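Some notes on the structure that comes next.
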Amino acid sequence: MKTITGSVAAARSIADHIDATSGRAVVLIDGGSGSGKTTLAGRLTELCPTAQVVHGDDLYPGWARLSAVWDLSELTVKNRYQRWDWHQGCFAEEVTLDAHRPVVIEGCGVLTVLNAKQATMTVWCSCPYKARRDRALGRDEYFVDSWAMWAIQERLHQVRHDPEHLADVVVDLTEPQRRPAVITRQRVVTRRTT
């Protein structure tokens, strides 16, 4: 098991893995809510624009079903999944993946023994509970009411599947990393008011 600090270095390492994989790369990124999985996946797609990212949030059928991602064989073998619509509270359209492009699946609960067998690389995002909680609740006001129930399911997943020890790479995301500033030229238009 390899440990990497920060999402930038981790994204580079995963991108190198994807580039070096003969055949299709399948990367699983797991960790608790607010640990930095989505940020890591976003940085990775900047380096590997051909990678298809599947978010756990599109796979969980509601707050009480984190376990729905413990077996992703439908997705990884058949290259399709039914997206969950959180606003309607039901499954929406079927999403089809390109079987020839790399796929990155990020979400709480995705790293299990069964799923790891279908992956070319497994990643665990490590971050202290308080920092994760503050991040998660700070970005999603609707999560506040469901945090306790979700945290219990995350803990059950960790006890049952021991995802950190299934990981090829553990990424320490304790400190949030800021994106480098991108300087662009902008045309400023000043309007005169009378």
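The values are calculated or read from the model by the stated rules, or taken from the named source; none is laboratory data. These numbers were taken from a predicted model, which means no experiment stands behind them. Quick reminder, even Gly has a Cβ in these numbers, built from the backbone with ideal geometry, and neighbours come from all protein chains shown.
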Checklist entry - If you take the residues in the range 91-107 that are among the aliphatic types (A, V, I, L, M) and in a strand (DSSP E or B), which one is farthest from Gly23 (Cα to Cα)? => result Ala92
Checklist entry - Out of all the residues in the range 15-27, is one or more closer than 17 Å to Leu173 by Cβ and in contact (Cβ under 8 Å) with a residue 40 or more places away in the chain? => result yes
Checklist entry - Hey, does the range 142-150 have a residue that's buried (at least 18 other Cβ atoms within 10 Å of the Cβ) and either on the phi < 0 side of the Ramachandran plot or touching a His at 6+ places or on another chain (Cβ under 8 Å) (or both)? => result yes
Checklist entry - Has the range 167-184 got any residue that is modelled with pLDDT of 95 or more and in a helix (DSSP H, G or I)? => result no
Next on the checklist: Given the criteria of a type outside the set (A, V, I, L, M) and on the phi > 0 side of the Ramachandran plot, does Asn79 qualify?
Outcome noted: yes
Checklist entry - Looking at the range 71-85, which of the residues that are closer than 27 Å to Arg12 by Cα and assigned to a loop (DSSP other than H, G, I, E, B) is farthest from the chain's Cα centre (by Cα)? => result Asn79
Item to check | Options Ala11, Ala68, Ala41: the member that is surrounded by fewer than 22 Cβ atoms within 10 Å (Cβ to Cβ) and either not hydroxyl-bearing (Ser, Thr, Tyr) or not in a loop (DSSP other than H, G, I, E, B) (or both) | outcome: Ala68
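Determine whether Asp30 is over 20 Å from Ala116 (Cβ atoms) and either modelled with pLDDT under 95 or under 17 Å from the mean Cα position of the chain (by Cα) (or both). Walk me through it before giving the result.
Details: over 20 Å from Ala116 (Cβ atoms): no; either modelled with pLDDT under 95 or under 17 Å from the mean Cα position of the chain (by Cα) (or both): yes.
The answer is no for Asp30.
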Item to check | Sole exception among (1) assigned to a helix (DSSP H, G or I); (2) farther than 16 Å from His55 by Cα for Gln88, by number | outcome: (1)
Item to check | Tabulated pairs, the range 66-81, first more than 11 Å from Gly107 (Cβ to Cβ), second surrounded by fewer than 20 Cβ atoms within 10 Å (Cβ to Cβ) and β-branched (Val, Ile, Thr), C-beta under 6 angstrom, 6+ apart or interchain | outcome: Arg80/Thr96; Tyr81/Val95
Checklist entry - Among the residues of the range 128-141, which ones are modelled with pLDDT of 80 or more and exposed (fewer than 15 other Cβ atoms within 10 Å of the Cβ)? => result Pro128, Tyr129, Lys130, Asp134
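Here's the yes/no breakdown for (1) free of Cβ contacts under 8 Å to residues at least 12 places away in the same chain; (2) part of a helix (DSSP H, G or I); (3) not charged (D, E, K, R):
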residue	(1), (2), (3)
Asn115	no, yes, yes
Gln118	no, no, yes
Lys130	yes, yes, no
Arg135	no, yes, no
Ser146	no, yes, yes
Glu154	no, yes, no
Val159	yes, yes, yes
Glu164	no, yes, no
